[in-house]
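Have a look at the structure below, then the notes.
The values are calculated or read from the model by the stated rules, or taken from the named source; none is laboratory data. This is a predicted model, so every value here is computed, not measured. So basically every Cβ, Gly included, is an ideal-geometry build from the backbone, and we count neighbours across all protein chains shown. Side chains are part of the model used for accessible areas, which takes the heavy atoms of the whole protein and leaves out ligands, DNA and RNA. Shrake-Rupley method; radii C 1.70, N 1.55, O 1.52, S 1.80 Å.
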Amino acid sequence: MPKINYSDVKIENCLSVKPHSILFDVGIKDYPIEVNNHQQFFKIFFKNSSLKIPFDFFGASFWLLSRYEEYLPFKTDKHNRFNYKSSLAYQYEFIQTPIINLWLKELQICLLEKYPLLEFKENNYTYCSTIDVDNAYKYKHKGFVRALAGYVTDFFSKDFLSFKLRLKVILGQKKDPFDCYSFLVDTHKKFDIKAVYFFLLGDYGPNDKNQSATNLSFQSLIKSIADYSVVGIHPSYGSNNKMKQLKVEMSRLANIIHKPITCSRQHFSMLKFPQTYQDLLQAGIEQDYSMGYTNRNGFRASYCYPYKWYNIENEMLTPLTINSFCIAENTLTYYASKENKNMVELALPIINEVKKFDGQLISIFHNDAFNDKMKLFYLEFLNTVKK
């Protein structure tokens with residue numbers, strides 16, 4: 001009978017993992033973390049033995065998956081989010097490796113050496129394209145006041161090209177620059193891609209500038225997308241830590257598509273542990289796609305499979321499924337310009353990591369990014385991720 005001994009007790013004829021105290025302690029503690037390089041396991045911490053498994057694999061995996069470091073005091077960015085530079089993965093250079101998947105693979109090898117007849121469940125590589133619709137149209141369906149303000153801004157800033165384009169779009173003589181929906185639907189059909197669209201339906205504010213949820217043309221767009229793809233809520237910047245506003249926005253979307261809303265991604269990927277996920281659960285969300293960094297591609301939770309969120313504060317496994325994204329188009333654009341590299345070249349190492357472990361690859365693209373150049377890149381990107 002195959003066995004793993006997860007204790008300090010010596011047991012013969014089994015694979016032993018000596019435990020750290022993290023899985024036995026109650027509450028949140030600031031454990032000292034020392035990361036070591038390792039030939040087989042790449043990077044390890046909670047090292048506590050010279051056994052075949054030289055560290056507490058289970059405790060270290062829990063620390064990363066639960067986002068333990070985000071419950072502790074940390075340095076924030078300008079949006080009061082956890083800064084990726086504060087993460088253990090960034091500081092010890094494994095942010096672009098789903099290291100828990102690597103550990104799992106090595107654990108399987110160790111088990112097979114001891115138990116050659118042992119069989120493991122096989123996973124299949126999958127890809128999901130997610131589209132954030134923060135601003136459905138650049139010029140159309142903004143309402144009289146916002147349209148007039150746009151004309152005035154263009155005029156006084158002497159941006160006459162924008163003034164002319166705005167006029168042509170509103171008069172129906174030219175397509176709105178952010179209207180890429182036919183391209184996306186047709187492309188996803190052609191490549192047989194699973195797509196999830198997240199619509200922002202918050203009240204207008206400095207960081208929430210989508211069309212009004214009462215606009216009939218905007219509603220028609222959402223309904224048409226829902227005919228082809230999964231549609232989820234993109235909780236607004238203004239809804240952070242405001243349960244009532246979150247429910248209002250979910251209700252708006254549910255009333256438009258006549259379906260319950262069960263998936264979400266936070267606008268600006270605003271995650272605050274544990275409150276954000278607690279609010280989403282209370283509102284009825286079952287699948288969240290916010291786990292990742294908007295300004296650094298890689299693996300925030302160091303894992304490329306979906307998993308259930310564990311609330312450390314309540315010491316409870318929840319029904320909320322976490323789907324981690326690892327590639328965002330705006331981050332690729334930024335680093336391609338900064339490092340003078342091709343965007344596919346920048347994305348390829350992460351794509352290959354997910355494929356290596358037969359994981360779930362999730363990307364973020366924004367509808368307002370799809371100019372002609374981005375459309376060409378997207379086609380090349382889909383060819384790469386599908387292989």
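Residues of the stretch 170-191 that are touching a residue at least 40 places away in the same chain (Cβ under 8 Å) and under 24 Å from the mean Cα position of the chain (by Cα): Phe178, Asp179, Cys180, Tyr181, Phe183, Leu184, Val185, Thr187, His188, Phe191. Is it the case that some residue within the stretch 192-207 is basic (Lys, Arg), over 23 Å from the mean Cα position of the chain (by Cα) and surrounded by fewer than 21 Cβ atoms within 10 Å (Cβ to Cβ)? Within the stretch 192-207 (the criterion being basic (Lys, Arg), over 23 Å from the mean Cα position of the chain (by Cα) and surrounded by fewer than 21 Cβ atoms within 10 Å (Cβ to Cβ)), the answer is no, since none of the residues qualifies. So which residues in the stretch 8-48 are open to solvent by less than 90 Å² (accessible area, probe 1.4 Å), polar (S, T, N, Q) and either assigned to a strand (DSSP E or B) or in contact with a strand residue (DSSP E or B) (Cβ under 8 Å, 6 or more places away or on another chain) (or both), if there are any at all? Passing the criteria: Ser16, Asn36, Asn48.
Tell me yes or no: at least one residue of the stretch 103-112 is in a loop (DSSP other than H, G, I, E, B) and either free of Cβ contacts under 8 Å to residues at least 12 places away in the same chain or closer than 30 Å to Leu346 by Cβ (or both). No.
Residues in the stretch 205-219 that are in a loop (DSSP other than H, G, I, E, B) and free of Cβ contacts under 8 Å to residues at least 60 places away in the same chain were compared, and the one that is farthest from Asp179 (Cα to Cα) is Pro206.
What do you reckon, is Lys78 without any contact (Cβ under 8 Å) to a residue 12 or more places away in the chain, open to solvent by 70 Å² or more (accessible area, probe 1.4 Å) and either in contact with a His (Cβ under 7 Å, 6 or more places away or on another chain) or not polar (S, T, N, Q) (or both)? Considered against the rule, which asks whether it is without any contact (Cβ under 8 Å) to a residue 12 or more places away in the chain, open to solvent by 70 Å² or more (accessible area, probe 1.4 Å) and either in contact with a His (Cβ under 7 Å, 6 or more places away or on another chain) or not polar (S, T, N, Q) (or both), Lys78 comes out as yes. Screening Asn311 against (1) over 18 Å from the mean Cα position of the chain (by Cα); (2) open to solvent by less than 10 Å² (accessible area, probe 1.4 Å); (3) within 20 Å of Leu201 (Cβ to Cβ) leaves a single unmet condition, (3). Being touching a Lys or Arg at 6+ places or on another chain (Cβ under 6 Å) and either among the aliphatic types (A, V, I, L, M) or under 14 Å from Thr97 (Cβ atoms) (or both) is the filter here; which residues of the stretch 289-324 pass it? Once the filter is applied, which keeps residues that are touching a Lys or Arg at 6+ places or on another chain (Cβ under 6 Å) and either among the aliphatic types (A, V, I, L, M) or under 14 Å from Thr97 (Cβ atoms) (or both), the stretch 289-324 yields Met291, Leu317. Entry remark, the stretch 268-290: residues being among the hydroxyl-bearing types (Ser, Thr, Tyr) and farther than 15 Å from Ser324 by Cα number 1 in total. There is no residue in the stretch 249-264 that is open to solvent by less than 20 Å² (accessible area, probe 1.4 Å) and at pLDDT below 95. Sub-9 Å Cβ pairs linking a first residue in the stretch 11-38 that is more than 23 Å from Pro73 (Cα to Cα) and touching a residue at least 40 places away in the same chain (Cβ under 8 Å) to a second residue that is open to solvent by less than 70 Å² (accessible area, probe 1.4 Å) and of a type in the set (Asp, Glu), at least 6 apart or interchain, are Val17/Asp56; Pro19/Asp56, ordered by first then second residue.
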